[in-house]
Every structure is written in structure tokens, then in C-alpha cells.
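Each remark here refers to the structure printed beneath this line.
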Amino acid sequence: MTKYFCISLLFLSSCSLVEFKDVPAVARSLIYGPPEIDVTMSSYEKVPYSFAKINIGRSGSGLMILLSINDDVYEWVGSNGEVIFTKNGKIIRTIGLEYDVNILNPKINFLNCGECYSQYFIELSNPKALINQNSFFKNSHKEKLELIKKIDATVMIENFSTSKFKWTGENIYWFDDSGQVIKSNQQIHPSLGEIEITFYYK
Amino acid sequence: MKKFTIHLLFALISYPTFADINDYIYPNRSPSFSNYGTAGIIQMPSARLHEEGSLAISWSHNEPYLRGSVIAYPFSWLEATYGYTDINNALYSNVSSFSGSQSYKDKGFDVKIRLFRETNLLPSIAVGIRDLAGSNQFEAEYLVASKFFKNFDFTFGLGWGDLSHGRYKNPLSIFGDGVNQRVTNNVGGQGGEFVTDRYFRGTVGVFGGVEMYIPNTKGLRFKVEYDSTNYLEEAFGLGRAASPFAYKPVEDTESRINFGFTYPVNKNFHVKASYVKGNTFNFGFSYALNLSKKNKKLKKINPPVPIKNASIVRKVNASNELFFYRSILKNLNEREYYLQKASVDEDVLSVAFSQSTHASHMQAAGRVARVLEEISPKNISTFNIININAGMAMYSMEIDRNSFSKNLLSNSFRVAARDIKIKPEKYEDRSYKYNPSKPFPVNFYKIEPTLRTQIGGPDGFFFGDLRLTYDGEILFDSNLSLSTSASIGITDNLDNLKLASDSILPHVRTDIVQYLKNSQKYNIDRFQLNYFINPTPNIYGKMSVGLLETMFAGIGSEFLYRPFDKNYGIGAELWRVQQRDYDLMFGLRDYITTTGHINFYYIEPKSRILFAVRGGRFLARDSGLSFDFSRRFKSGFQLGVFFSRTDISKREFGEGSFDKGFYFHVPLDFFSTTYTKDVFTWGLKPLTRDGAAPLNHGFYLWGVTEQAHKQTFFRDWDDLYD
């Protein structure tokens, strides 16, 4: 909605004093957002490390590099110091986002569980709060995913609900035959848009 | 055991943070706006205010009134509202040849000041005046308190003027009986004045209400209030008995209890509906945005671009000084920092550059220093960065390379700042060893849509003219430029504009309708040759000739003394001008005058409020003072008000009594994905009159020399490594 207000603001004026600079460029960026990053086979090959392409809401896409793996926790680092920790593809902690989260008990490997429940204790920032969240994981179906090449993926759906306030949703994970999550759509914070991550491993 | 520990930890630390959970149960709790365009319940005001640096619009339809308002928050304790009310039970006038069938339009200016901020025990308390300096159609004053209790926000207040239903004795009468009488409206006046002997006078009414936040509904709030408005006394409430322009009375109150709801679609945009007076359904919306903070995404999207193979570049640069200079030129220009001159003297690298990308001059200098740090040979220990604008030196920044480099990774700008000296500079053209040739003349231009408007006149509420505008600047030398603004009309509805000037002063502004109507197809707004000089550090000059603004052409000069490390500046300007023809081409009318001012500027260092006072002779040959107060926020968002008093009488000035208005500059990089120095400027004078009209020559030296001042850097130290 911010965008539409801004556009209407640009077209307001009065009898006494009006400047009207750079409207086309600004209006374009307001409507379409920043440009999208396109990962192709050649750009994939140019990057020497595993990386992830991340979209948060409509704020455009960015790349994060895999910095380390400790106890199945993958640490992805962005160019401006943002850090996202994932475990089995699920985001368990973030640092440097506008709205950060920290799952205090990032425990089960839900990818092999078929159908399972889990309860997470989550620390939210901005504003700070502690919540517990119940998640139900279920293998859904198989799907062909077209990234830099076609991949047969199994789709797992996580339905979550929060006890202290009304926040429910669905997270989706696509994982390949080796059990690695190759893509996910996740809601990690009520104030943050959906995060879409595509993982490119090396 | 681990699970138990986590549960225990969770139980222990979740209790103190329960209050924060409320932010998720009841999100989007920013204050909503009343139908009068002030933060409030439904019709009644509350003691709530938005955060400082916020800007909002509010629109409501509450029969017979349509009301649109712009609300600004220059401070956390001050709310200023400017609005138009379309009064649909009265005509603009009873002369159909003058205003046709247009309904009455009323302009109003309201303020609310918070006296006391809410604490755990005590409420927030505010005092407000409605229709402060307008026609007083909706005049009211109030003292109001608001207090949150769980998810209920209670409000209680006392109202004067139109809010005085109940007619209780004025509690201020303990200070004297004089406050018990409220004199009638300003009969025979020109309006637009502060009528201080009416405020908080007469009987009072009592009002109150509550906003109940509904859990888990994105901040939906149900509202109920007791309304103390005297609806028959507002505007033309009594119909023809109130004014010959009015053709029907408003519906009288059937119930003093109003109720309704506000739904935040998101944290900024609220929609609302309510039922008031027991007989009137109304609805509206509002949008509020905090513009005080920088767009953080810009830095993420546009980080400093590192030099490729920097270590090799450094080695090559160490081998040959000319390579080094060319490397500086290439790498700075690629990043849109334009190298003017460079010089290496032993271990000091001096670089003069100009830029038009970053509004934060600290950020621009920091990014230039980064490039120099990456490409400079190891023997360079000090960078002396000089910024040039319009051929004049704005500042020089002496940076200790080692300190800058050491603190870069940890972004310790405060530590780095200890080893940075910023001082004024005089630009010595010949004192540099490397002078890259510049291909003068250079032409910068933009072609973009523009809109000219005329709002709130008797012949129609809105007249607009959509145009395609060429804005260009040809640089003949670094300090000699020709600035041009010309446009062609695309579409407009100006044909029905017919309001002729009634001014008894020379028509220096009030012939605006003639200008608009005679320049519909094409026009030249500006064709101005500028020459800038910087004779000594801290002194700047400008000489201009040509079509200086929309209505005047001429010749003149402006000088400014702006000591770099002081909070003030003093300037003077003198212009000989002739009025332009209505077609806005090169023709001139007969009216010739001399105008000039002494200008004084002062920046209050804590609040960073800029006080500007201009004293002198205005275009209509009236003499006096003009005052401008503005506040700039970290983001570059700026709010300002101005007023002028000159040696003409209120009658000579005409409606409105004296010149006044407000403006704001919204930095476009707040909404953009790339850095830009451009701003969107919107200003409004309630009325266009001839008195106290200054010449609007472009490139005011105070603006051109913004970075020639220590405050500009002190406010943005944190941008050094951005």
C-alpha cells in the first residue's frame, strides 16, 4: 500500500509551489520493485561456493553465500551482513533482517518423518516476543522443479499455528532424492513477507 | 532434560515480555484520525499523536461535509493539520456568474500540542485549536486526555467553541470573568488571522469516548464516543438563517452517542466507518507514513562497488603518477563521483570531485575515500577530499588513511571520525597537478511529466494542467551555467478558470489565471544564466540574468557568508526585474521594479530547525520581513512553515490578511531503489496574493552550499562507511 500512497502523493500539487522530478523512474520502482536476479547455468558456474537466492516479500531478490555447516546448521551470509541459519532447509535463525527470529529448539529432521508434529519456541524481534508454535509436517506430492536444470522434487508442507495470537500459515519445502531441500517458501515472522529461498549447492 | 530447560527458560522469560505479545495480538496501533483530520476517535479529538516526522492524509465524508486533510508531525509533541472542507449545504457564493453551482469550500488550519506524555499511571494530555487562522467556520478549542488500559484507549476532554454542547461554565473563569464571553466571528475582517481573544472563551462542553482494540484482527478497533459538537453552530448549520449562500440546514443531533470502527488495512492505511448524531452514516480513510528515517534498503541494493583486482591496480599506480591519476579518474567516474582535479604531494593525495547522487554528503565522501583507499599506493597516508559544487569549493575532508581503513570492516565511524578533519576550502584551480580536460559545454537534461494546478478557487475546486517538461542545464564552465525549464501542454481543464485579480497592489502574483490560460500550449518557465564565485572560503556569490522565474525576468546577484563551523549564515541579494508576458515566452510587460533582501539563517543545533529571516523589498514594492521555520529529518524529509509581514495593510493585502503557508520536501530516494538527491516538493499558500511576494530565482546559495557547513556532516557521521 505504501507504493500506491507514494504514487498518489507525487500527483498532488498546489497552486503555489510544485516540483515534479524523477517521477517516471520512481513510479516504475514503486510499482515493480527492484529488479529480479536471474540464476542461469553460467552464473551458477561462476560462483565458487554454494549459494542461495532469496526473495523476501516483494522487496527484490538477493544472493547469500554458504559460509559454514555445523551440526546440520547451514549459515548463509548476505553482502550486507545479513545471516540466515537453516536446518534441513527450515530457517531457524536470522540476523540483520528488519524482523529477526530465533528458534530456540530447532530439533527434528522433519524431512524423513512422513507425518509429524513439532513444537517450536521462537524468539521474535521488532517487537521482541517469545511465542510457541505448533507445526504439522506432511509429505504432499512429487513435482518437477525447473531451476538451472529439471529436478524431481518431493514437496513437504508444514502447517503451523501460534498459541498466543492468531498467526497460522503454510510453509512449503521441496527436496530432492538425496534429501536436500532445494527450495522453500517460509513465513518466519508475522510482519515479514514470505521468504522464498532457492538453494544452489556445490 | 534439555527440553525441560527450554520450557523453564521460556516460562521465565516470556512473562516480562508479555506486553510485547500485545503488539502481535493488536498490531497496527498507530492513532487513527477523526473526521476532522486530527488524531481522534470519530468526531472527537484524542490526545494521541503520530511519531515525529510523520506525514498523513485523511479523507472523510460526513454529510454535508467532505473533508480532506494533510497532517504533519514536525515534532513528537506537535500535530499540524491543513484541510479543505466541501460544505454541501451552501454555495460558494450567491453570484452564479462568479462561482456557478459550486459548493462552499472552507480552508482550515488546526494544531494540537501534547503537554504531557502518557506514563503507566497518567494519561497523555494535549491541547488543540481547530480552524486556527481561517474563516472560523469550524472553530473549536479543546483540552483532552487519553489513557490506554489493556486494549482500551479511553479519552476524555473539554471543548470550547463548536465543541461546547452542554454549556458548562468555563473552568478558566477562576482566572477572571473575561473568559466567559466569546466574541462573535471576525465580521468585516479578511480572515486568516489569529483571533487570540476568542480562544478558550465562552462555555465549555464535555466529550469522551473509547477505542476498543479487537484481538487478532490486525488492529481493528471499535469506537464509541459522547459528542459535544454544536452542529447547528458549525459552518452554515442553520441553513439560510446562517448565510445567504446556504440553502438548507444540517440535520440536528438525535443522539450524542456516535459509534463506528477503524480497520487498519496495514500499519499505514486505515479505513473507517461510523454512525454519528443518531442519523448520519459516514466513512473515510487515512494514510500515515513516517518519513523521518532513511530508506535502509538503498544501502543493501546499492552497496559500495569494490575495485576489481585492487592489489594489482595499487601496484601499477605506484609505478607511475599519471597512471595513478587516470586510475582515480576512471574509478571515481564509473561510480558517478566526477573527478575535477587531483594532486599528490609526498604522502598526501588531494582529490577534488563533484557528485549529484547522494543526499548524504558524508556518504559521498566516504565512498570516494573507499575508492582511494583501494587504489592508492602504500606511500599515501592522507586523503584530502574536496567537494566542488557549481565551481565552488564546499569543504575539504582530511582523512587519515590508516584509521579509515582500520575502522572500515567494523563500521566504527565514531572512531574513524577522530582522525578526520573537515574544514572550509577555497577552490584554487591552478594548484593541482592533474587537471582532466572537460568537454565543455556539457548538457544535462531531463524530460518528464509535470503538473500545474490551481486549487480551491470560486470557479472550480481543481484545475490542472498536465505537461511534458524539459529541464536542462548547460555547463559552459564549472561555474557558468544556463538553466532552462520549458514545457508543452498535454491536457488540462484550465478553460473554465476565470477568476480575475481583485488586488489593489501591483499584480505580481494574482494574475496567475492569466499566466495559466495563456501558456497552455507551450511555455518557458526559466531561461537563466548563472555565474558562481567563491572569492574566499565561506563566501559565495551568484550572478544571474534571464527569465528568472515564471512571472519575472531580470538581472541580479546574491551573496552569502556562511562560516563553515558556525550555525548561521548572512546573505544579501538585489534584483532588477520586469514582469513577463502572460504567454510565458520572451515578451515582457510594463511593470519594472527593484527587489532585494538581507537574509539571515540560523540552524538550532539540537533540533536542527532552520530559522530563515529575509528582510527587504518584495516584488509589489512592499517592504517587510519574511520568516521561514523548517526542520529536516535524518532521511532528508523537511517540513517548513513561513509567513511574512510587510508595510501594507490587511485591506491592501486582501483575503487572508497576510502571506503564510507551509511546504515539505520528500526525498525521492525514500521510495527509490537507487540513490538520488532529488526531492518532491509540495507547498501550499492558502491564497495567492501580491503582498510579500519574493522573487523565486533558482539556485539559492543556501541550498547550493548545503555541504559547506559542519552540521551537514555531523548529522550524517553514521553514513561514512555506508
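Values as computed for the structure displayed
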read-out	value
Members of region B:660-719 found to be closer than 25 Å to B:VAL70 by Cα, among the hydroxyl-bearing types (Ser, Thr, Tyr) and touching an Asp or Glu at 6+ places or on another chain (Cβ under 7 Å), listed by number	B:THR681
Residues of region A:174-188 classified as buried (at least 21 other Cβ atoms within 10 Å of the Cβ) and part of a loop (DSSP other than H, G, I, E, B), total	1
Selected residue [among the polar types (S, T, N, Q) and either assigned to a loop (DSSP other than H, G, I, E, B) or more than 18 Å from B:GLN43 (Cα to Cα) (or both)] from B:SER146, B:SER135	B:SER135
Test: B:THR229 is over 14 Å from B:SER32 (Cα atoms) and among the hydroxyl-bearing types (Ser, Thr, Tyr)	yes
Positions within region B:89-108 being assigned to a strand (DSSP E or B) and under 31 Å from the mean Cα position of the chain (by Cα), in sequence order	B:SER103, B:TYR104, B:LYS105, B:ASP106, B:LYS107, B:GLY108
Subset of region A:141-158 [over 20 Å from A:TYR201 (Cα atoms) and of a type in the set (Asp, Glu)]	A:GLU158
Pairs with Cβ under 7 Å, 6+ apart, first in region A:127-144 and within 19 Å of A:LYS90 (Cβ to Cβ) and within 14 Å of chain B (Cβ to nearest Cβ), second of a type in the set (Asp, Glu) and crowded, with 17+ Cβ neighbours inside 10 Å	A:LEU130/A:GLU123
Filtered residue count, region B:406-455, keeping only those that are at pLDDT below 90, among the small types (Gly, Ala, Ser) and under 27 Å from B:SER327 (Cβ atoms)	2
Residue list for region B:25-80, filter: more than 16 Å from the chain's Cα centre (by Cα), crowded, with 24+ Cβ neighbours inside 10 Å and not in a loop (DSSP other than H, G, I, E, B)	B:PHE33, B:ALA39, B:GLY40, B:PRO45, B:SER58, B:SER60
Considering residues of region B:639-665 that are farther than 23 Å from B:ASP106 by Cβ and buried (at least 21 other Cβ atoms within 10 Å of the Cβ) only, the residue farthest from the other protein chains (Cβ to nearest Cβ)	B:ILE648
Residue that is polar (S, T, N, Q) and within 11 Å of chain A (Cβ to nearest Cβ), where the choices are B:THR681, B:THR712	B:THR681
Every residue from region B:488-522 that is touching an Asp or Glu at 6+ places or on another chain (Cβ under 7 Å) and assigned to a strand (DSSP E or B)	B:GLY489, B:ASP492
Entirely in region B:528-636, the strands (runs of 3 or more DSSP E) that have 3 or more residues that are of a type in the set (Phe, Trp, Tyr) and surrounded by fewer than 20 Cβ atoms within 10 Å (Cβ to Cβ)	B:588-604
Long-range neighbours under 9 Å by Cβ, at least six apart or interchain, first residue at positive phi within region B:22-33, second buried (at least 19 other Cβ atoms within 10 Å of the Cβ)	B:ASN28/B:GLY219; B:ASN28/B:PRO264; B:ASN28/B:HIS270
Some residue of region A:119-126 being more than 16 Å from A:ASN185 (Cα to Cα), within 14 Å of another protein chain (Cβ to nearest Cβ) and surrounded by fewer than 16 Cβ atoms within 10 Å (Cβ to Cβ)	yes
Given (1) buried (at least 22 other Cβ atoms within 10 Å of the Cβ); (2) within 14 Å of chain A (Cβ to nearest Cβ); (3) of a type outside the set (D, E, K, R); (4) in contact (Cβ under 8 Å) with a residue 60 or more places away in the chain, index of the condition B:LEU720 fails	(2)
Residues (out of contact with any Lys or Arg (no Cβ under 9 Å at 6 or more places or on another chain) and either outside any strand (DSSP E or B) or among the hydroxyl-bearing types (Ser, Thr, Tyr) (or both)) located in region A:59-85	A:SER68, A:GLY81
Single residue of region A:40-58 satisfying the filter (assigned to a loop (DSSP other than H, G, I, E, B) and within 14 Å of chain B (Cβ to nearest Cβ)) that is nearest to the chain's Cα centre (by Cα)	A:GLY57
Qualifying residue in region B:478-490 (condition: out of contact with any strand residue (DSSP E or B) (no Cβ under 9 Å at 6 or more places or on another chain) and either farther than 30 Å from B:GLY391 by Cα or within 13 Å of another protein chain (Cβ to nearest Cβ) (or both))	no
Leading residue by the ranking (nearest to B:PHE461 (Cα to Cα)) among those in region B:500-527 that are of a type in the set (A, V, I, L, M, F, W, C) and surrounded by fewer than 17 Cβ atoms within 10 Å (Cβ to Cβ)	B:ALA500
Where A:PRO106 falls short, out of the listed (1) in a loop (DSSP other than H, G, I, E, B); (2) free of Cβ contacts under 8 Å to residues at least 24 places away in the same chain; (3) over 26 Å from B:LYS296 (Cβ atoms); (4) not small (Gly, Ala, Ser)	(2)
Any hit, region B:455-472, residues being closer than 20 Å to B:LYS105 by Cβ, outside any loop (DSSP other than H, G, I, E, B) and among the β-branched types (Val, Ile, Thr)	yes
Only one of A:ILE84, A:ILE148, A:ILE56, A:ILE108 that is at negative phi and modelled with pLDDT of 90 or more	A:ILE84
Residues within region B:677-699 that are more than 17 Å from the chain's Cα centre (by Cα) and either modelled with pLDDT of 85 or more or surrounded by fewer than 20 Cβ atoms within 10 Å (Cβ to Cβ) (or both), tallied	11
Helices (runs of 4 or more DSSP H) contained in region B:292-362 and holding at least 3 residues surrounded by fewer than 19 Cβ atoms within 10 Å (Cβ to Cβ) and free of Cβ contacts under 8 Å to residues at least 60 places away in the same chain	B:310-319, B:321-334
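The values are calculated or read from the model by the stated rules, or taken from the named source; none is laboratory data. As the structure is a prediction and not an experimental result, all values here were calculated from the model. Glycine gets a Cβ as well: all are built from the backbone with ideal geometry, and neighbour counts include every protein chain shown.
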